[in-house]
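Quick notes on the structure that follows.
The values are calculated or read from the model by the stated rules, or taken from the named source; none is laboratory data. Since we're looking at a predicted model, the values are computed, not measured. Neighbour counts are summed over all protein chains in view; Cβ atoms, including those assigned to glycine, are modelled from backbone coordinates with ideal geometry. In case anyone asks, the SASA skips ligands and DNA or RNA and just uses the protein heavy atoms, side chains included. Shrake-Rupley method; radii C 1.70, N 1.55, O 1.52, S 1.80 Å.
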Amino acid sequence: MANGVAQYVDPAVFPGLNTFQIFIFFLACFAGIVNVLLHFAVSERMKPLAYYVMCIVATLVSSALSLFVWGSVGPLTNLGFHDFFGVSFVYMFPAGMALVLVPKLGQRPGMFKPHPKVPSYDAPSIGLAATGLITIFSGLPMVILSCLFFFDPEALAVSVTMANTSVGIAFNNYGLAWAGGAITGAIIAYWKRSYAYLLLGPLAGYVAGAPGFDVYAPWQTFLVALAAPFAAWAIYEFTLRREIDEHKLFPLFLGAGTFGLLAVGLIKAGTPRGGYFGIQEGPYAFQHGEIGIMMQVVGIVVCLLAGIVTAAVMAFILERTVGLKVSEDDQATGLDQVYWGLKGANGSEQHPAPLEPKAAAL
């Protein structure tokens, strides 16, 4: 059915085929995001082959996990777990993997203490980081639109979890999540004299609000987003004090993500959702389930455990086969130089062979 032209497929064979074909691409993009996030946690420390193998496994596991915690008739969603935007299987899952991999890979040279080759680990350009943040902001509305189903009459919009919503509500919630996070992030940045919170703040607001973009009233999203950066700040400061070299997934997902999933369970408890539109009775009846705090806790635990178990099993295998960690000396030299002969962050450089005079003149 993935290869069939939707309008020529008998609805009795596969109703709504067009929508499901779109979700093939959609879930493939989600799997890609999972692996990008995993790269944030292990970059510069994990061997490339080990990372590629880990990506294949993470793709398969996260895709299976999406059935349980995101599809409206999946076991946990059908029982009451609510996650509009995939925070659970896209964000919490790689954070669970990072809980295993980061301690195994250790600190990068120069991150917390000087190294003979790397006196200090310098942060990348804030301009480039801010550009990345703006790119994320501009791209996510397309994902929001893709998380909605439209049915007759009058293009009724329901979320991927089959909760009542509308395009305007979802988009306004998205904007206010970034606004609320940006305000508190700026306050924390000024208080701590650290620009990092100018970037963490909006992201924390978005991550915390995302599970409820479909069911929150906009003012509720704004209040959740205002509080979210404090959750990210608590985890960020915790990791710094204990010299844990992971400053993205832990603050945003273990902090703001957990806070957001719990918040929607508290604020919107009792909201009907689950099942599938058109089914009137039985275990998959439309909106037969209700949001509740206990299922939110179960969903968080399931996604984190899925990441922890996946990473633990794969790390055990990789350490005994192709290897997992890049040597500290290679890390200090710089992997750009070790693998590609390019100038590294520490200023060292492997020069190519001299050009012929004519080529040099050209």
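Assorted remarks:
- In the condition set (1) out of contact with any Ser or Thr (no Cβ under 8 Å at 6 or more places or on another chain); (2) in a helix (DSSP H, G or I), GLN107 is compliant with all but (2).
- Residues located in the stretch 81-91, provided they are at pLDDT below 90 and either of a type in the set (S, T, N, Q) or at positive phi (or both): GLY86
- Meets criteria (over 24 Å from LEU148 (Cβ atoms) and touching a Gly at 6+ places or on another chain (Cβ under 9 Å)) for ALA269: no
- Sole residue being open to solvent by less than 60 Å² (accessible area, probe 1.4 Å), touching a helix residue (DSSP H, G or I) at 6+ places or on another chain (Cβ under 9 Å), on the phi < 0 side of the Ramachandran plot and of a type in the set (A, V, I, L, M), chosen from ALA123, ALA129: ALA129
- Residue within the stretch 66-74 that is within 15 Å of LEU249 (Cβ to Cβ), open to solvent by less than 10 Å² (accessible area, probe 1.4 Å), among the aliphatic types (A, V, I, L, M) and touching a helix residue (DSSP H, G or I) at 6+ places or on another chain (Cβ under 7 Å) present: no
- If the condition is being aromatic (Phe, Trp, Tyr) and more than 20 Å from TYR216 (Cα to Cα), then the stretch 271-293 contributes TYR276, PHE277, TYR284.
- Considering (1) among the hydrophobic types (A, V, I, L, M, F, W, C); (2) under 18 Å from ALA95 (Cβ atoms); (3) open to solvent by 10 Å² or more (accessible area, probe 1.4 Å), the lone condition that ILE267 does not fulfil carries the number (2).
- Only one of the numbered conditions (1) loosely packed, with under 14 Cβ neighbours inside 10 Å; (2) in contact (Cβ under 8 Å) with a residue 12 or more places away in the chain is violated by PHE89, and that is (1).
- None of VAL100, VAL73 is among the aliphatic types (A, V, I, L, M) and either assigned to a helix (DSSP H, G or I) or in contact with a Pro (Cβ under 7 Å, 6 or more places away or on another chain) (or both) except VAL100.
- Within the stretch 10-53, the set of residues being assigned to a loop (DSSP other than H, G, I, E, B) and surrounded by fewer than 16 Cβ atoms within 10 Å (Cβ to Cβ) comprises ASP10, PRO11, ALA12, VAL13, PHE14, PRO15, GLY16, SER43.
- Test: residue in the stretch 147-159 that is part of a helix (DSSP H, G or I) and either open to solvent by less than 10 Å² (accessible area, probe 1.4 Å) or within 24 Å of LYS343 (Cα to Cα) (or both): no
- Odd one out for ALA189, checked against (1) farther than 22 Å from LEU37 by Cβ; (2) open to solvent by 40 Å² or more (accessible area, probe 1.4 Å): (2)
- Restricted to the stretch 79-89, and to residues there that are out of contact with any Ser or Thr (no Cβ under 7 Å at 6 or more places or on another chain) and assigned to a helix (DSSP H, G or I), the residue that is farthest from ALA256 (Cα to Cα) is LEU79.
- Top-ranked residue of the stretch 232-256 - restricted to ones that are among the charged types (D, E, K, R) and under 27 Å from THR221 (Cβ atoms), ranked as surrounded by the most Cβ atoms within 10 Å (Cβ to Cβ): LYS248
- Tally, over the stretch 257-273, of residues that are touching a residue at least 60 places away in the same chain (Cβ under 8 Å), over 11 Å from the mean Cα position of the chain (by Cα) and in a helix (DSSP H, G or I): 5
- Where a residue in the stretch 9-32 is within 16 Å of SER66 (Cα to Cα) and its partner, wherever it lies, is part of a helix (DSSP H, G or I) and open to solvent by less than 30 Å² (accessible area, probe 1.4 Å), with Cβ under 6 Å and at least six apart: PHE30/VAL90; ALA31/SER62
- When the stretch 76-117 is filtered for residues that are among the small types (Gly, Ala, Ser) and within 17 Å of ILE300 (Cβ to Cβ), the ones remaining, listed by number, are GLY80, GLY86, SER88, ALA95, GLY96, ALA98.
- Matching helices (runs of 4 or more DSSP H) fully within the stretch 165-253 where at least 1 residues are more than 21 Å from the chain's Cα centre (by Cα) and free of Cβ contacts under 8 Å to residues at least 24 places away in the same chain: 167-192, 218-241
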